[in-house]
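Here's the structure, in structure tokens; my notes come after.
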Amino acid sequence: MAKDNIILLHYGELPDESAGGLEQHLADCEECRRELESFQFFEEQMALMPVVEPSPNLLAQSRMRLDDELDMIPPHGFVTRLRTNFYRWLGHVQSAPALATLLLGVGFLAGNFTYRYEVAHAVKPKQPGTVTISKPADGVIANVTGIVQTPDSELVQVNYNKVVPETIEGSLDSPEIRQLLLAATSSGATDGVRKNSVALLGNECKAGHECQSMSDGKGIRHQLMVSLRYDQDAGVRMTALEGLQRFVGQDQHVRDAVLEAVMHDQDPKVREAAIGLLSPVQSDSSVRQVLRTVSTQDANPYIRTASYNALQSSGDIQ
């Protein structure tokens with residue numbers, strides 16, 4: 001490469017950014033210095049000879065031969081071009097210490113920034129009780145709140161609201177998860193979502209996890225009673241009834257909700273299950289009164305029989 005640059009330097013075609021590297025190389029390389037000196041000596045000898053202009057025919061023939069020879073040269077391979085470009089770049093760097101220092105500093109800063117970014121965005125293991133929320137950027141358009149058109153133009157400004165779906169993951173004991181499960185029991189959710197939510201809340205009550213009766217009429221126990229009374233899906237009502245089972249004997253409000261299910265629920269299976277839940281409290285006068293009424297007046301003979309059997313097991317035989 002240095003020998004090629006010597007020729008370019010002699011004819012004034014060597015770029016300025018390569019001249020410094022060539023001069024540094026000539027100071028250390030004896031062979032290239034001899035090459036430059038022999039080239040200069042050749043030029044000096046040629047300068048002593050008279051200049052003879054070539055004939056037009058010779059010039060044309062020479063150009064044609066040059067074109068043919070250039071066409072016959074095979075193209076350089078990828079490795080050769082890569083090696084040539086690398087050495088050329090290395091020569092530029094050697095000739096510019098400030099550039100090398102700058103590249104080194106940029107590489108260090110880039111590496112440091114990449115490491116900090118990877119550490120900051122690394123997935124951390126979830127601890128018990130932690131909550132993870134994902135919030136996608138896109139969402140469904142909920143409604144359009146306003147449309148304004150710029151006078152005398154086609155520019156229109158539309159204001160709208162988006163419903164952005166989110167996902168939360170955490171323990172059943174976390175307040176955020178409990179709040180969402182309570183919200184999922186409303187009539188706005190699908191039957192499957194309501195049933196899953198009521199089942200999870202009922203399991204929490206069965207396990208005795210924060211299912212106490214709240215003075216403000218809220219909480220898991222209250223929501224299970226609401227689902228038992230008002231949910232349109234019989235499967236959801238049955239699941240709520242199972243979650244309230246352990247509170248029939250200790251909570252009068254739960255007992256009243258179960259008695260309402262015995263008398264008014266539209267699904268016979270739910271009514272039968274409610275009658276079975278009352279067996280621990282059949283000594284209660286209100287429970288016996290409801291069972292007597294249902295056993296004698298209910299339109300469903302199967303429910304009448306189940307109520308009558310429950311009264312027999314309690315010793316209150318009519």
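Here is a yes/no grid of residues against (1) touching a residue at least 24 places away in the same chain (Cβ under 8 Å); (2) among the polar types (S, T, N, Q):
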residue: K206; (1), (2): yes, no
residue: I220; (1), (2): yes, no
residue: Q223; (1), (2): yes, yes
residue: S227; (1), (2): yes, yes
residue: Q252; (1), (2): no, yes
residue: L259; (1), (2): yes, no
residue: P268; (1), (2): yes, no
residue: A306; (1), (2): yes, no
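Would you please name the residue that is nearest to L228 (Cα to Cα), looking only at residues in region 155-205 that are open to solvent by 70 Å² or more (accessible area, probe 1.4 Å) and small (G, A, S)?
S187
I'd like the full set of residues that are outside any helix (DSSP H, G or I), surrounded by 15 or more Cβ atoms within 10 Å (Cβ to Cβ) and hydrophobic (A, V, I, L, M, F, W, C), limited to region 262-306.
L278
Residues checked against (1) among the hydroxyl-bearing types (S, T, Y); (2) surrounded by 12 or more Cβ atoms within 10 Å (Cβ to Cβ):
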| position | (1), (2) |
| --- | --- |
| N5 | no, yes |
| S18 | yes, yes |
| G21 | no, yes |
| Q24 | no, yes |
| E31 | no, no |
| E35 | no, yes |
| S38 | yes, no |
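Spot the failing condition for N309; the list is (1) more than 30 Å from I177 (Cα to Cα); (2) open to solvent by less than 70 Å² (accessible area, probe 1.4 Å); (3) over 46 Å from the mean Cα position of the chain (by Cα), and only one is missed.
Among (1) more than 30 Å from I177 (Cα to Cα); (2) open to solvent by less than 70 Å² (accessible area, probe 1.4 Å); (3) over 46 Å from the mean Cα position of the chain (by Cα), the lone unmet condition for N309 is (2).
Output the number of the condition that T190 fails; it satisfies all remaining conditions of (1) more than 28 Å from P268 (Cβ to Cβ); (2) under 31 Å from the mean Cα position of the chain (by Cα).
The single condition T190 does not satisfy is (1).
Identify the residue in region 206-247 that is among the charged types (D, E, K, R), outside any helix (DSSP H, G or I) and at pLDDT below 85 and, among all such residues, is surrounded by the most Cβ atoms within 10 Å (Cβ to Cβ).
It comes out as E210.
The values are calculated or read from the model by the stated rules, or taken from the named source; none is laboratory data. Note that the structure is predicted; figures quoted are calculated from it, not measured. All Cβ positions, even for glycine, are placed from backbone atoms using ideal geometry, and neighbour counts span all protein chains on display. Accessible surface is based on the protein model in full, side chains and every heavy atom, while ligands, DNA and RNA are left aside. Shrake-Rupley method; radii C 1.70, N 1.55, O 1.52, S 1.80 Å.
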